[in-house]
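This report refers to the structure that appears directly beneath it.
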Amino acid sequence: MKRSKNVQQQRRPLFCALNDHVKKETMSFHVPGHKNGMNWPMDSAMKQMLPFDQTEVTGLDYLHEPEDVLKESQELLSSFYGSKKSYYLVNGSTVGNLAMVMGATSKGDWVLVDRTCHQSIIHALELAGVRPVFVTPAYQTEKREAVGVSLESIEAAFEKYPEIKAVILTYPSYNGQVFSLDKIAKYAHQRGAVVLVDEAHGAHFVLGDPFPKQALSLGADIVVQSAHKMLPAMTQTGYLHIHHETSATIQQKVEQYLHMLQSSSPSYVLMHSLEYARFFASQFDEEDLKATLAYRDDWMERFKQSGLVYLHSDDPLKVRLYWPGQSGNQLLSVLEEQGMFPEKNDEDSVLLTFPLVKKDDQSLQRVETVKLPKTSSEILNDHSVHFNMGQFPLLSELAISYEQQQQLSIKKVQLDKAAGKIAARNIVPYPPGIPLVLKGEKCTKETVEQLSFYLEQNMRVVGLNDQLEMDFFSNLQEID
């Protein structure tokens, strides 16, 4: 368990500056227009928070060129995570992934990409104008899911594509599974490639055992984290970390893209929550860990007593819950009816994410029992389509490059007739936000069946219109 011995980690410079400013400012003659909440109703829950929603007035520094409290705040973050330099992200880990990929690659570069990457990585690839090769993670039957790419698959990719300049990986998976990132990073570096990691769901790995090791310590050159997913930061916040051995040229490019892509009016409320998340993690101790695991186990026992089955992941805070014989959508509905809202569902399970809690937290919520319907009339016995990564080849390229896509026109086709068509838009079940069909990729019979099943289960699928039509590239003969 990581416990900071540095008393400096107890500092919250941005919070102190904001607090001092709120006490000093009797009248706001600057933006934002709510003027510290003055024109909000008295009974609004937001009114108490709005005085912290400031702009770059004297004493509050500027995110894009920090010299004072924001500089110190981010230095504390860097020290805690052990990076060369760390940055606050106020446009989510999405902007971090965009800056990371665009800053570490050049147009036309071959890059190796985890096929289960988040859609923000796909957007970054297109903006960067690179040539992606997608590597499919291994599917493990016992865990009933993809568990990450293997060193052997990375080696196979470099043998076939020796020009690869960057390896872009997702660690951990959405469900909390990890893989041998250290071995892959070592090999990639030997082949002259940088290693870029979307660690959206692993900002808490810095705490150490029993959590997996953090990507930065395993050799990743740049790491992006969603601070709001597993740490107590607000939604739309993230961190970007630069490894000590990452070149100054790449670091400068990343900084340039962060400046270009992030808001020029960064939210001080979001930055305050980013600072608090680092502070919270730095003060998390063994007793807090025991309280966290006990809280999780208490819930698991209640689920077990109700007849549900659960499966732990490599991350102790991620648990998949099953209702034997029923779909994940059915279980989701039953839980939500009782006020329990899981992170997401798939074909036959729901994903639960548990919080880090403090040993003296009195606000923890529990239920006495979890009630499942007793009779068949209360549940639907629908079929289930089990999706695994086996439908994708180990290595694949887009059918047409991003550059070629710009020359083509787009038409629509009904989803049930989409097999064989080349998608002109990413088709993304959300959550988790992992594209099932990539823009520029040929749609297969298997992916059409999988998408149809998701729609039957009332899962959100981004990329199809209300008539269940898919955009596809129509005049391919023009680039043959």
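The values are calculated or read from the model by the stated rules, or taken from the named source; none is laboratory data. Fair warning: this is a prediction, and the values are worked out from it, not measured in the lab. Note: ideal-geometry Cβ built from the backbone for every residue, glycine included; neighbour counts use all protein chains shown. Keep in mind that these areas ignore ligands, DNA and RNA; they rest on the heavy atoms of the full protein, side chains included. Shrake-Rupley method; radii C 1.70, N 1.55, O 1.52, S 1.80 Å.
Remarks
- Counted residues, the range 219-244 - those being part of a helix (DSSP H, G or I), hydrophobic (A, V, I, L, M, F, W, C) and surrounded by fewer than 24 Cβ atoms within 10 Å (Cβ to Cβ): 0
- No other residue among Phe280, Phe284 is open to solvent by 10 Å² or more (accessible area, probe 1.4 Å) and over 22 Å from Leu196 (Cβ atoms) apart from Phe280.
- Within the range 97-109, being under 19 Å from Thr249 (Cβ atoms) and not small (Gly, Ala, Ser) holds for Leu98, Met100, Val101, Met102, Thr105, Lys107, Asp109.
- The single residue among Asn175, Asn97 that is in contact with a Leu (Cβ under 9 Å, 6 or more places away or on another chain), of a type outside the set (Asp, Glu) and part of a helix (DSSP H, G or I) turns out to be Asn97.
- Residue in the range 23-69 that is farthest from His259 (Cα to Cα), counting only those that are out of contact with any Asp or Glu (no Cβ under 6 Å at 6 or more places or on another chain) and among the acidic types (Asp, Glu): Asp43
- Criterion (without any contact (Cβ under 8 Å) to a residue 12 or more places away in the chain, under 30 Å from Val95 (Cβ atoms) and surrounded by fewer than 21 Cβ atoms within 10 Å (Cβ to Cβ)) met by exactly one of Ser247, Ser265, Ser333: Ser247
- Total residues in the range 255-280, condition hydrophobic (A, V, I, L, M, F, W, C) and more than 19 Å from the chain's Cα centre (by Cα): 4
- Filtered residues of the range 124-166 (kept if in contact with a Ser or Thr (Cβ under 8 Å, 6 or more places away or on another chain), at pLDDT 95 or above and either basic (Lys, Arg) or open to solvent by 50 Å² or more (accessible area, probe 1.4 Å) (or both)): Arg131, Lys165
- Inspection of the range 385-393 finds a residue satisfying the criterion of being modelled with pLDDT of 80 or more, out of contact with any strand residue (DSSP E or B) (no Cβ under 6 Å at 6 or more places or on another chain) and not hydrophobic (A, V, I, L, M, F, W, C).
- Out of Glu343, Glu403, Glu347, sole residue that is in contact with a Phe, Trp or Tyr (Cβ under 9 Å, 6 or more places away or on another chain), farther than 20 Å from Gln305 by Cα and either modelled with pLDDT under 85 or in the same structural domain as Phe453 (by the TED database) (or both): Glu347
- Scope the range 62-94; condition open to solvent by 30 Å² or more (accessible area, probe 1.4 Å) and in a helix (DSSP H, G or I); matching residues: Lys71, Glu72, Glu75, Ser79, Thr94
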